[in-house]
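Comments concern the structure below.
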Amino acid sequence: MKRYLDYVWPILGLVAVVWSVKLLYTKLKAEAASDLAVRALLETGDLWSHLQVIASVIGAKLAVIPPHSYLLAFASTLVAYAALAWYDRIALIHLGRQQGISFFYIAVCSFVTYALSHNIGASVVSGGMVRLRAYTAKGLSAPEIAVLVALCSFTFAYGTLMLLGVVLVTEPQIIQPLTSLSRHFAIGDGAAQLVGVGLLAFCVVYVIGAWLKLRPLEIGGFKVVYPRMPIVARQCLAAPLELIGAAGIIYFALPAEGNPGYHVVLGAFLLSFSAGLLSQVPGGVGVMEAVFLAVMPGVPATAVVAALLVWRLFYLLLPLAMAIPAIILFERSQIGKATKGLSLKPPSGEG
């Protein structure tokens, strides 16, 4: 059975590559087709003509953004993905399995994981499959990988709650414009600040739990170990860092005129990205546009869309395109190891 699994996993990796390429093209086409005239062009012609149209539309939208903004957006992307790799590293330290796994390996695994999960959706499932494949090759068991995935997901959620709490306390008016999207946002500034205080209180309680060294929780034969202070301290730094970097991509891509400031951009990003994740809409398509346009009425709609396009290119599409060869190289190496193992195995009946 193990011999067959050595070939099944690479086949699944190939399926992921094909799916990713198709998804990359579909998302780029959808972005370009937001213009009705372009949509008419994309409804006719062949694949090559569609690629030319998509390239010209994207080029026109991005040409007006100054070079230094791109550099700052790119730097923000590096910060975000470095923090995501730190998530995995923190989880491995919590498990006591960091030895023998280089940070480069962790960074590549994390990069591929989030490049796929951010674009495909169902992040726990899609990200879990990538980590299962990568960390099994390093000797981790399935339960250990499950804990790793859970802790990484919690770290992200913890950072979201922390930063959203800060935004609601300091910028409670950010909620008011969202009443045009849903009546559930019809709350006053005082209520918004109270929610923010509650979120920050939860974050403090989590830290206190680590400080008190709470005992592990045993459920049947499974033990859940509460993270200790060194782990929680790392989470308190890594969790908001990823979100700060991701929101920075949008902030630097927005024009200076009418820019509401980083704090508001961060709040809009947290609200829209979280809503996109909860709805399982890949890349938050449609959700992010609606939230940002509502929160930032002083910025031209075309500029908002262009900034979100830069975010999708830097944070979603380019990582997805880069993850495809990484999957191919990894699966090729695994096939080589499986083939080598079979060639070294003596034929049946021999000693």
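What about L116, is it within 22 Å of the chain's Cα centre (by Cα), modelled with pLDDT under 85, assigned to a helix (DSSP H, G or I) and surrounded by 22 or more Cβ atoms within 10 Å (Cβ to Cβ)?
Details: within 22 Å of the chain's Cα centre (by Cα): yes; modelled with pLDDT under 85: yes; assigned to a helix (DSSP H, G or I): yes; surrounded by 22 or more Cβ atoms within 10 Å (Cβ to Cβ): yes.
For L116, the condition - within 22 Å of the chain's Cα centre (by Cα), modelled with pLDDT under 85, assigned to a helix (DSSP H, G or I) and surrounded by 22 or more Cβ atoms within 10 Å (Cβ to Cβ) - is met.
Taking the conditions exactly as written (at pLDDT 75 or above, assigned to a helix (DSSP H, G or I) and more than 30 Å from C109 (Cα to Cα)), does L317 satisfy them or not? Step through it out loud before you land on a result.
On the way: at pLDDT 75 or above: yes; assigned to a helix (DSSP H, G or I): yes; more than 30 Å from C109 (Cα to Cα): no.
Criteria not met by L317.
Within the range 254-293, which residues are modelled with pLDDT under 75 and buried (at least 23 other Cβ atoms within 10 Å of the Cβ)?
G283, G284
I'd like to know if the range 216-231 contains one or more residues that are under 30 Å from A73 (Cα atoms) and either of a type in the set (V, I, T) or buried (at least 19 other Cβ atoms within 10 Å of the Cβ) (or both).
yes
Please indicate, with yes or no, whether at least one residue in the range 134-149 is closer than 27 Å to F269 by Cβ, of a type in the set (G, A, S) and modelled with pLDDT under 90.
Checking the range 134-149: not a single residue is closer than 27 Å to F269 by Cβ, of a type in the set (G, A, S) and modelled with pLDDT under 90.
Let's see how each residue does on (1) closer than 27 Å to Y87 by Cα; (2) over 21 Å from the mean Cα position of the chain (by Cα); (3) modelled with pLDDT under 90; (4) surrounded by fewer than 16 Cβ atoms within 10 Å (Cβ to Cβ):
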{"position": "Y158", "(1), (2), (3), (4)": "yes, no, no, no"}
{"position": "P177", "(1), (2), (3), (4)": "no, yes, yes, no"}
{"position": "A186", "(1), (2), (3), (4)": "no, yes, yes, yes"}
{"position": "D189", "(1), (2), (3), (4)": "no, yes, yes, yes"}
{"position": "V197", "(1), (2), (3), (4)": "yes, yes, no, yes"}
{"position": "G209", "(1), (2), (3), (4)": "yes, yes, no, yes"}
{"position": "L212", "(1), (2), (3), (4)": "yes, yes, no, yes"}
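Among the residues of the range 84-111, write down those that are surrounded by fewer than 16 Cβ atoms within 10 Å (Cβ to Cβ), among the small types (G, A, S) and either farther than 16 Å from M229 by Cα or touching a residue at least 60 places away in the same chain (Cβ under 8 Å) (or both).
G100, S102
Scan the range 219-231 and give yes if some residue there is under 24 Å from the mean Cα position of the chain (by Cα), part of a loop (DSSP other than H, G, I, E, B) and at pLDDT 80 or above, otherwise no.
Yes, the range 219-231 contains at least one residue that is under 24 Å from the mean Cα position of the chain (by Cα), part of a loop (DSSP other than H, G, I, E, B) and at pLDDT 80 or above.
State whether one or more residues within the range 234-245 are at pLDDT 95 or above, over 27 Å from V291 (Cβ atoms), crowded, with 18+ Cβ neighbours inside 10 Å and not aliphatic (A, V, I, L, M).
Checked the range 234-245: at least one residue is at pLDDT 95 or above, over 27 Å from V291 (Cβ atoms), crowded, with 18+ Cβ neighbours inside 10 Å and not aliphatic (A, V, I, L, M).
Restricting attention to the range 328-351, does a residue exist that is modelled with pLDDT of 75 or more, over 18 Å from the mean Cα position of the chain (by Cα) and more than 19 Å from I249 (Cα to Cα)?
yes
Is it fair to say A201 is over 30 Å from L293 (Cα atoms), of a type in the set (G, A, S) and under 25 Å from the mean Cα position of the chain (by Cα)?
no
Every residue in the range 232-257 that is in a loop (DSSP other than H, G, I, E, B) and within 28 Å of the chain's Cα centre (by Cα), please.
We begin by selecting, within the range 232-257, every residue in a loop (DSSP other than H, G, I, E, B); these are 254-257.
Residues satisfying the conditions are L254, P255, A256.
The values are calculated or read from the model by the stated rules, or taken from the named source; none is laboratory data. For clarity, every value in this text was computed on a predicted model and none was experimentally measured. Cβ atoms come from the backbone with ideal geometry, glycine included; neighbour counts cover every protein chain shown.
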